[in-house]
């Protein structure tokens, strides 16, 4: 068993960790700075000892309760684990994890990239053939993955899985197979796969080979893998309107994509009414961000041309549209639905089709038995004539859109236009920077409640 | 029994022939339409009656004939035309150069082929529809010339002929029929194919009120580059009796000499390359008010009449082409040897020839039956029949040419041989003069309208739950299932079909009867919303076309066998084979039209199409794609 309560063992592990840490400082001068090493390992020792007491008491809850009655019971629920982790990071109780996290923290000093992340893994693997403490290490690595931006990278997961020692945990006889063999390791493997699942990373054959090598053909992680492989391919293309994984960086391109997505009409034409001017000579930053991107389909044009110019049209917005983690805002040009007294049904012109009658002169209606339409109460909404996205949601910018629309829809010149704008965000926001994510989320939730 | 029947039929035919002979003499004294047979005037409703489950056998039996004098006259006409086409027309050159040489054109003019249906008093040949059909059968040897001539007289000058007044006729027809002037028909616009509402060309009255100023563009105008006289359709403002102004369509006779007319460059086409097709632009072309055909604002009816009357000839055109093709390919199949056997000995090759012979026979039968019906007195409305002829023969022509090319193997694909030209040329047939899809809707809806008017009362009663009507219906159905005997009198006493075709005439009767019930149930189910059920309409049209073809071949074969035409046994064989197949087709189609029929996949078909069209692309993933 790797896990033990013996303090001596823990001490050795801490020592080992210190060595790993030392090896992780590649840019340090050849004669290692003794002070740095000393402080690092001292800290490690301190934290180790401080945590010993809690470790012993918490141990049972971290293990699988192997029982003959539930030979293939699922690993303990993950929520429990993550709760503990969260708790430990706040209270400072589970310091062991923190030390493994330190490995990453240190590596992250120069850059948080895939290269540094994998280097940490390599260093850990090289340091000790027995891979002592690998379970904790893997948990720590999983936690750090999003920070390094590798949470969606399959090769990294495979590398991480490779940290497990091979063939040690494979049950060798039916009794081992029947009971939960190496429960903590198996649970860790399942957690890793679940992490992949949550980030939508599909395992590949390499993952499978590794899992077989580590846990054997019938281990819990293997079962998890099989379930993943059952559902993931089926769900991969379940969304008929997929959002590209990488959204365009240019706000105009992003607006174009979003508008085409909302319009859902292949005929709809996107027009950029004001391109972002790149020269920073006059107004500096502000002028470089001015743009209005609009979309209108031929059908909408016809609708608008039939609009009664006595009645106003409304510019409304901003309305949010989520594209993966990005929220963008759009504005609509719409009108109120026609009051029933103004609706005129145009009779079919009998002299319209040269070749065949467009309607029959009969009193017979469709038989009820052949009326396949559902009885739906339709709420009538006003027509939407056009959509746009703009660099800012103020009236000045949006009226540029309207004046641009006038070129193709002359009727707008005669129609009163009412701006019904909520105070919205001033620009399209992207959550590419994780630091800003929090306050942005706040902002978005505020918008939603509005 | 069979002898009796034979006697009866031949008697009927004889008396019919006598009748025709007699009437022809009377008819020729009539100045307006010298070739029309004079019997009592009646409206022709054969195709429409099929929708009610009736066979109006008097309309189609006996098969129409022309008199001996007319036949002699026709043969005298046919001989020089045939000679001209076999000797002086170089189809290959016309196709390659995309132009009919002037000497060929002048030859056509000398033969009088530019005014075949124009009355003699205006310098035309004054042919009846039947004779016209016979002549275009020969002209069809060159598709480019056929189309040029058809654009000139089947639609180009037809407006003047059927709706023009005396002055217009006297002014234009002589020059048109001599070929001095060529006519063109200008209806299609970039935005308007079948939809009159989107016609943009406009005629505005000039200030002095004597002219219309014509503005607009027309596309795909056959003869557009060579024509001197155009029949143009354009919008004009009309004040109706309520005082409202409306934009209605008017038909104008426009001479190129009026000015303001420009033709685009000739379109480079796949087939019928020798015919001239181009855009025609009108810019403030002044058209005198007296050049309006019919009334101002009455152009729609004129256009419809022209289009409806021009179609029937496509049957004999296709038949002529296929007959020629059969000769060419049979020659090849007889001489080409593989494995010490000629191609003609292989079953799969034989099947193709049987198919071609059948199709050609059916096309001919339909074309001349329809032409004969149109030649009857009055103004018989044969537009449904003509549309059916067009649909069947244009599609049949494509199948036959394709099969012929298959017989020829690689040879058919080589440009040095004439065969591939046939394929290119005949591809236009299902497209122009109203696409086959549109004509199917026309055929089906016209019949449905006719039947619906008559059946409405009965169906309303049934829907209201009128017990008497429902019980009567049920009783009838029950009797049908127990002892179904359909007899429309095609056989037996006063029978019109020869006994050697008895079995198939029974099949026709049975089909017609069940078609009547099908139509009734369709009207019950869909009512006037059947307009939107295009797949249903397509099947209905296909059934009627089959019924009409069956009628035509039965009628023709009966006549042939009864008067002892050469090779009539071959005709009977073809007729029986064709009818048997058409009968099965009809049964299948009618089974599909039943409610909740398992044979009917329409919903799925529509769904597939919708999904493809929504994406505007092929939807399925590539077979080599993977998800993991």
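Annotations
- With a 10 Å cut-off around each Cβ of B:612-619, the average count of Cβ atoms from other chains is 1.
- By the equivalent-ellipsoid construction on the alpha carbon gyration tensor, the range B:448-574 comes out with semi-axes of 34, 19, 10 Å, ordered largest to smallest.
- For chain B, the relative contact order comes to 16 percent (Cα pairs under 8 Å, sequence separation of at least 6).
- Using the rule -39500 (n - 2.57) for each DSSP H run of four or more residues, divided by the residues of chain B, the 222 nm mean residue ellipticity is -18500 deg cm²/dmol.
- Ordered by the count of other Cβ atoms within 10 Å of each Cβ, fewest first, A:220, B:211 give B:211, A:220.
- With a Förster radius of 35 Å applied to the beta-carbon distance between residue B:348 and residue B:270, the computed FRET efficiency rounds to 0.75.
- Computed from the Cβ-Cβ distance with R0 of 30 Å, the FRET efficiency linking residue B:121 to residue B:262 stands at 0.30.
- With a cut-off of 18 Å on the backbone N, the residues of the range B:345-384 near the modelled label site 7 Å out from residue B:398 along Cα-Cβ are B:356, B:359-360, B:363.
- Convex hull volume per residue for the range B:235-383, taking Cα atoms only, in Å³: 193
- Order of A:421, A:193, B:624 - criterion: other Cβ atoms within 10 Å of each residue's Cβ, fewest first: B:624, A:421, A:193
- Two-decimal ratio, chain B, of alpha-carbon radius of gyration to 2.2 N^0.38 Å: 1.02
- Largest-first ellipsoid semi-axes for the range B:421-497, taking √(5λ) over the Cα gyration tensor eigenvalues, angstrom: 39, 23, 11
- The range B:523-628: Rg to Rh, with Rh as the Kirkwood radius over Cα pairs: 1.22
- Alpha-carbon centroid distance for the pair the range A:144-205 / the range A:293-331, whole angstrom: 49
- When the alpha-carbon atoms of the range B:206-307 are used, the pair Rg, Dmax equals 14.9, 50 angstrom.
- In a fully extended conformation the segment linking residue A:218 and residue A:422 would gain 67.6 nm over its present Cα-Cα distance, using 0.36 nm per residue.
Bear in mind that the values in this text are calculations on the coordinates, not laboratory data. Computed from a predicted model, the values in this text were never measured in an experiment. Positions of Cβ are backbone-derived with ideal geometry, glycine not excepted, and every protein chain shown enters the neighbour counts.
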